[in-house]
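The structure appears right after this line, and notes come after that.
Every read-out reported here was derived from the displayed coordinates using simple, explicitly stated rules and does not represent laboratory data. Since the model is a prediction, treat every value here as computed from it, not as a measurement. Using ideal geometry, Cβ is built from the backbone for each residue, glycine included, and neighbour counts are taken over all protein chains shown.
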Amino acid sequence: TSYEILRATISGETSPSNVFVCALSSDATCIVGTTGGLTLENAIPDPAKTYFYRVRAVLSNGRTDWSNEVSATVPVLTLSGISITDITPTSAKVNWMTDRTANTQVYYFATSPVDTSGVPEFASVTGVTSHVASLAGLIPNTKYYFVIKSVDSSDSSILGISAELSFTTAAAPSLIPA
C-alpha cells in the first residue's frame with residue numbers, strides 16, 4: 001500500500017501536479033507512520049500561504065476516494081519597526097522587533113542585491129523580540145544594503161525575512177591643517 005497526498009492552493013483543486021506519492025516506508029517526499037499518520041518532508045510550502053490537503057490510498061486493485069479536505073496556513077514570523085540609528089563614519093545599529101522570540105542574522109554589503117545564502121555578517125543567537133545589530137568596521141560615506149533574517153527560537157521552520165533596505169554611513173570628519 002502507498003498513499004497520495006494532494007496539496008493545493010485552491011480549495012477543491014485536484015491537479016495531478018500537486019500530488020505527492022508516499023510509499024509505506026520513508027522516502028524523500030513523505031513519511032508514513034505505523035499508525036497511519038502521514039508527514040510531508042522536503043515539500044516546503046510558502047510562508048503565510050494557506051494550503052488544502054487530501055489523502056488517498058493506492059492499493060493493488062486501484063485507488064480509494066480522496067479524503068475530506070483539510071487546510072493549514074504556514075506560520076510566518078513578522079518583523080516590524082526596522083530602523084537605523086547611531087550612524088557614524090564606521091558603524092551603525094539596525095533595530096527591529098519580531099512578533100515572537102527569535103534568533104537573528106543580518107546580511108549587509110556595499111553592493112546590491114544582498115546575498116543571504118552565505119554566512120551572515122552579524123548573528124545573534126539569543127531568543128528575543130527586540131533586536132539590535134551593531135555593525136562595525138564600515139567605510140565612511142558608503143551606502144550599505146542589508147537584509148534581516150529572523151528565525152523562531154523554538155521552531156526553526158518559522159522565519160521572517162525583511163526586504164532589502166539601505167543606509168549610508170556618515171562622512172569622515174574633515175581634517176583641518178594646523
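Modelled this way, with points 7 Å down the Cα-to-C-beta line, the labels at Ala57 and Ser2 are 1.6 nm from one another.
Less than 5 angstrom separates the built amide H of Thr142 from those of Thr169, all sequence-distant by 5 or more or on a different chain. Segment 146-161 and segment 89-109 have Cα centres lying 12 Å from one another. Sort segment 47-125 into rounded, prolate or oblate with this rule: let a ≥ b ≥ c be the square roots of the eigenvalues of the Cα gyration tensor; rounded if a/c is under 1.5, and if a/c is not under 1.5, prolate when a/b is larger than b/c, oblate otherwise. Cα axes put segment 47-125 in the prolate bin. Extending 7 Å from the Cα toward the beta-carbon at both Ser11 and Leu165 defines two label points whose distance is 3.7 nm. At an R0 of 25 angstrom, the distance between the Cβ atoms of Ile176 and Ile87 translates into a FRET efficiency of 0.65.
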